Amino acid sequence: MIRPFVIGFATTLKHLFRKPVTVNYPEQKLPMFPKYRGKQVLMRDENGLEKCVACGLCAVACPADAIYLEAAENDGTIMAGPRYASTYQIHKTRCIFCGYCEEACPVSAIFMGKDYELAVYSRDDFIWDKQDLLVPAATTAQ
């Protein structure tokens, strides 16, 4: 009867003097593992143009049907190549972060980032548009 109490107190004393493993979260962030797949990002090329050519392979490869895109021809008004995605959406409540979209892209336009802070307040905010996913264009200082 007393043996379980002694084992419990011994376990408590053993862990009482160890260094805590907690992290002061908002100020400190844990580094992610190299193969971690977080929020998707649409990349730009060296000239600042969108890399996505709207081939649709990412949408076809997605097992959860979370990617929707519409292709359009560029008339020179968009900072993109001759063909681009006029609408590019990822539905985050469907996404299973498998990385198939990244593997299927022939021009490496989509990249699985390391961002893990994906909480939102509304269900509608889980649909990320092209503006949310696209890397900002580099500005030149004059």
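A few remarks follow.
- Considered as a group, the residues in the range 101-134 that are aromatic (Phe, Trp, Tyr) and buried (at least 18 other Cβ atoms within 10 Å of the Cβ) include one that is nearest to the chain's Cα centre (by Cα), and that residue is PHE111.
- Selection within the range 51-76 - crowded, with 19+ Cβ neighbours inside 10 Å, part of a loop (DSSP other than H, G, I, E, B) and free of Cβ contacts under 8 Å to residues at least 40 places away in the same chain: ALA54, CYS62, ALA66
- Filtered residue count, the range 84-142, keeping only those that are without any contact (Cβ under 8 Å) to a residue 12 or more places away in the chain, more than 30 Å from GLU27 (Cβ to Cβ) and not in a loop (DSSP other than H, G, I, E, B): 1
- Test: LYS14 is out of contact with any strand residue (DSSP E or B) (no Cβ under 9 Å at 6 or more places or on another chain) and either charged (D, E, K, R) or within 21 Å of VAL107 (Cα to Cα) (or both): yes
- Output for the range 5-50, where each listed residue is farther than 30 Å from SER86 by Cα, surrounded by 10 or more Cβ atoms within 10 Å (Cβ to Cβ) and of a type in the set (D, E, K, R): LYS29
Read-outs: derived from the displayed coordinates by stated rules, not from any lab. This structure is a prediction, so every number in the text was calculated from the model and none was measured. Note that we place each Cβ from the backbone using ideal geometry, even for glycine, and neighbour counts take in every protein chain shown.
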